[in-house]
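Worksheet: one structure, shown below.
The numbers here are math on the coordinates, done by the rules we state, and not lab data. This structure is a prediction, so every number in the text was calculated from the model and none was measured. Note that each Cβ is placed from the backbone with ideal geometry, even for glycine, and that neighbours are counted across all protein chains shown.
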Amino acid sequence: MSKRWNPIVPIAAFVVAMSGCVTDENSPGLEYMPDMYRSPAVEAYVDYGMDPYYVTEEVAVGQRNTQSARKPVAGTIPFVGANKAFGLPYAYPNTPEGYEAAGMELASPLSTTKAHIEAGMEIYVQMCTQCHGEEGKGDGALSRNGHIAGIPSYSDKLKDLPMGKMYHTLTYGKGLMGSHASQLSQKDRWLVIEYIKVLQQGGEMPEFDESGNVVESAADGAMAMNN
Amino acid sequence: MRNKNFQRLGRLLGTTRILTIASLMVVQSLSAQSIWEDGDVDNGQALFNANCASCHLVTADVLAAPGLAGIADRWGSSDELLVQWIQNPQGAAATGDGYIRSLVERYVGTYGWMSAQAVSADDVRDIMAYVQNPPDVDVASTSDNGCINIDELPEEKTEDSSTLWFVILLVMFLLIAMSASGVNRGLTNAIREREGESQLEDLGYLARLRGWAWNNMVFVSVLGLFLVAFGVVKGYQGLMGVGVYEGYLPEQPVKFIHSVHVCENEVDCKYCHHSAYESKHAGIPSTNVCMNCHKAVKKGSRYGEVEIGKIYAAIGFDPETGTYFDGEGNNGHYGPQDSFNGEPIKWNKVHNLPDHVYFSHQQHVVVGGLQCQNCHGDVETWSAGRIASVDHINTLVDKYPGLIELSKPTLTMGWCIECHNKASIDLASSAYYEEMHDRMKDDVRGNEELRRILEDEKITVKEMGGWECSKCHY
């Protein structure tokens, strides 16, 4: 009788082994060669401490909670190409005086052309409409849903807002509006301002000549064509 | 205005000097009517929303400037000064009034100067009527906006439990077979005992199984063939599933709900994932991007202050005062201070490609003009981010025109090159393509190549080199 084995033990072992097959939502699943998926090369949003494959456990624990997304060294100026108009740090301080000074002095390095206005419109639709509304009346979804009140209309209260103040506000934020400098490059900021200038005039696109420059007025344009 | 009233009153009451003086007094008392009384609440609300609401709340809470609850107690009888303060804050401060000086000292450094408001004294009276007795705020209804969140729908029992039942049945079958064989042996032994024969040798289960298999060779070999085939198929499927992440949905440190942000409040995908335009990564937004809205939106529709509070803790924002902390625990004046030592929110990466694959969002979003949904599915109907399965994305073809139907699992190489073979290039989208087209037209061999490429009347990504190994592996 001693040769007979009890079936309960292997069945219990089998059940225990199968319970390991329950899917864990926090695990991405099996991988071939995980060291290729989770490499030590600098990649965004990778927690290097997660991967003790080729570092020792000690090093892995030491690295835990370090991130590849770091603040640049203080005083760093990002290189965005040779165009100095979009590459130098913003000169005006984030003070009420800086705001006024920017409004008086700061001018756009961009000319008002069809291409610039359309590029600005694309940025506006993606970055601004949820608050300022599609026509810039301050009636975006966040306003309609009652989350943010009192967003001013470009064509009404902000009709005469100078470009420099817009740029200052985009860079530092003002009142409830936060800084958008991390989302919009300097060029993007000036592009979207080109479109906001159109919205200040009620949203009518100005007339363009063949090279995409704005025709001063319809009458002038007709005269130019006659000549 | 006052002059006109004065003249009209003067005319009405006659032109004698005494009466003029008397009328002057009447007008004075009329215009000096307290701004805390007899205002029009409805007009005040409209004016407040147009001019004040972007910074002030009618409660004591801070938005981008101090809350206005109890304003009557603070300003008391200095009506004219309050009107002047609203119309021209810097001018009012120049009067040297003690209360205004205290306001300037306390708040201007933190919130900046209030901008001068183009409102009349009568407008201020209406506004104050509203501020003192604000009607109950309607909570914006978000239930009828046509937005759905599949994670919040009542859970359907779609879980496939057939494997579990199969295992349970198999175990039961084995138990029955073993006990039946035991009973069989016991009965045989009982019969043998009655008939005076010797007992069966106790062989154990394995030996008996071998004996049984030997006796039923055909059945056992058919069963064995079937089991091997089953194992091969299952094993192949299992190996093909290695490195496939469809449906991967890791837990996140903040219970972020995409449907609330994208569908209900119409925040564009690229507002937060803005680096999709100029980087290989679409990017997880840093906390300052959250703050662009959550400086004002302090309470979530699902989790109240709990989840939004995690953002505040990470960036060092005090929702009570509406200001950021610096490293010493003081209120910083403008934006997060460099010295702030906050714990970053550690989002879990969902989409991960191996190191030997180069993928760029910029190339696909800017140059290719793909919609996010083409690869990521209808994220606006989800809570947390996950990897959409290709079957799910295929169901969205009607909803998003231009979406390409594919068959291989998402984020696998098969999926990538299947799409590169199907997706056509819009030649008008870039001067580069036009240049290439012109050069090929002018060249004999190029012309032949062009003819071959255009046989199916479209130019696919593959035909532009999208199947070259070194495009993605280098």
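Over all directions, average the projected area of the Cα convex hull of the stretch B:374-441 and note it in nm².
Working: hull surface 24.3 nm².
Its average projected convex-hull area is 6.1 nm².
Tilt of helix B:121-132 relative to the longest C-alpha principal axis of chain B, in degrees (0 to 90, nearest 10)?
It is inclined by approximately 40 degrees.
Once phi is turned into θ = phi - 60°, what whole-Hz ³J(HN,Hα) does the Karplus curve with 6.51, -1.76 and 1.60 give for every residue of the stretch B:269-282, x standing for Gly and Pro?
Each residue of the stretch B:269-282 in turn: 3, 7, 5, 8, 8, 6, 6, 4, 6, 9, 8, 5, 9, 6 Hz.
Using only atoms on other chains, find how many Cβ atoms lie within 10 Å of each Cβ of peptide B:43-49 and report the average. Don't skip to the answer; put the middle values down first.
Details: counts 0, 0, 0, 0, 0, 2, 5.
That works out to 1 on average.
So who's got an amide H within less than 5 Å of the one on B:F325, skipping anything under 5 residues away but keeping other chains? H placed 1.01 Å off N, in plane.
Result for B:F325 returns B:F317, B:D318, B:G332.
What is the average number of partner chain Cβ atoms found within 10 Å of a Cβ in B:292-299? Please report the intermediate quantities before stating the final value.
Numbers: counts 11, 8, 2, 6, 11, 5, 1, 1.
Across B:292-299, the average partner-chain Cβ count within 10 Å equals 6.
Output wanted: per-residue J couplings in Hz (rounded whole) for the stretch B:168-174, from phi through Karplus 6.51 cos²θ - 1.76 cosθ + 1.60, θ = phi - 60°, x for Gly and Pro.
After applying 6.51 cos²θ - 1.76 cosθ + 1.60, I find 4, 4, 4, 5, 4, 4, 4 Hz.
What does the convex hull of the alpha-carbon atoms of the stretch A:94-200 project to on average, in nm²? It would help to have the intermediate numbers written out before the result.
Details: hull surface 24.9 nm².
Computing the convex hull of the Cα atoms and averaging its projections yields 6.2 nm².
Averaged over its residues, how many other protein chain Cβ atoms are within 10 Å of peptide A:148-157's Cβ atoms? Intermediate values should be presented prior to the final figure.
Working: counts 8, 11, 12, 5, 4, 1, 0, 0, 1, 6.
The shielding value for this peptide is 5.
Take the alpha-carbon centre of the stretch B:434-461, take the same for the stretch B:375-403, and report the distance between them in whole Å.
Taking the Cα centre of each part, the stretch B:434-461 and the stretch B:375-403 sit 34 Å apart.
Among B:I100, A:I193, B:I191, rank each residue by its count of other Cβ atoms within 10 Å, from fewest to most, as a rough exposure measure. It would help to have the intermediate numbers written out before the result.
Working: B:I100 20, A:I193 23, B:I191 10.
Ascending Cβ contact count within 10 Å gives the list B:I191, B:I100, A:I193.
With Cβ to Cβ distances under 15 Å as the rule, what net charge do the other residues near A:G138 carry (K, R +1; D, E -1)? It would help to have the intermediate numbers written out before the result.
On the way: positive: A:K137, A:R144, A:K157, A:K159, A:K174; negative: A:E134, A:E135, A:D139, A:D156, B:E266.
Around A:G138, the surrounding residues sum to 0.
Can you order the peptides B:181-189, A:96-104, B:45-53 by their average number of other Cβ atoms within 10 Å per residue, highest first? Can you show the working numbers first?
Working: B:181-189: 12.4, A:96-104: 16.1, B:45-53: 19.9.
With the highest mean Cβ count within 10 Å placed first, the list reads B:45-53, A:96-104, B:181-189.
Roughly speaking, what is the stretch gain from B:L170 to B:N421, that is 0.36 nm per residue apart minus the C-alpha to C-alpha distance, in nm to one decimal? Each step should come with its number before you reach the end.
Numbers: separation 251, 0.36 × 251 = 90.36 nm, distance 4.54 nm.
Additional length available on full extension: 85.8 nm.
Using a cut-off of 12 Å between beta-carbons, work out the net charge of the residues near B:L187 (Lys and Arg +1, Asp and Glu -1, B:L187 not included). Present the calculation step by step, with values, prior to reporting the outcome.
On the way: positive: B:R185, B:R192, B:R194; negative: B:E193.
Once positives and negatives cancel, what remains is +2.
Please state, as a whole number in µm²/s, the translational diffusion coefficient that the Stokes-Einstein equation yields for chain B at 20 °C and 1.002 mPa s, with Rh defined as the Kirkwood radius across alpha carbon pairs.
Working: Rh = 31.2 Å.
Rounded, D is 69 µm²/s.
For the stretch B:215-237 and the stretch A:94-159, what is the separation of their Cα centres, given in Å?
70 Å
If you average 1/r across every pair of different Cα atoms in the stretch B:162-240 and take the reciprocal, what Kirkwood value do you get, in Å?
Working: mean 1/r = 0.0648 Å⁻¹.
Hydrodynamic radius (Kirkwood, Cα only) of the stretch B:162-240 equals 15.4 Å.
How big is the dipole moment of the stretch A:94-200 about its Cα centre under a simple scheme where the beta carbon of each Lys and Arg is +1, that of each Asp and Glu is -1, and everything else is neutral? Debye, nearest 20, please.
In debye, rounded to 20, the stretch A:94-200 gives about 80.
Report the net charge of residues surrounding A:A119, where surrounding means a beta-carbon distance below 13 angstrom and charges are Lys +1, Arg +1, Asp -1, Glu -1.
On the way: positive: A:K114, A:K187, A:R189; negative: A:E118, A:E122, A:D188, A:E194.
So the surrounding residues net to -1.
Once you put a point 7 Å from the Cα of B:Q199 and another 7 Å from the Cα of B:V232, both along the Cβ direction, what distance in nm separates them?
4.6 nm
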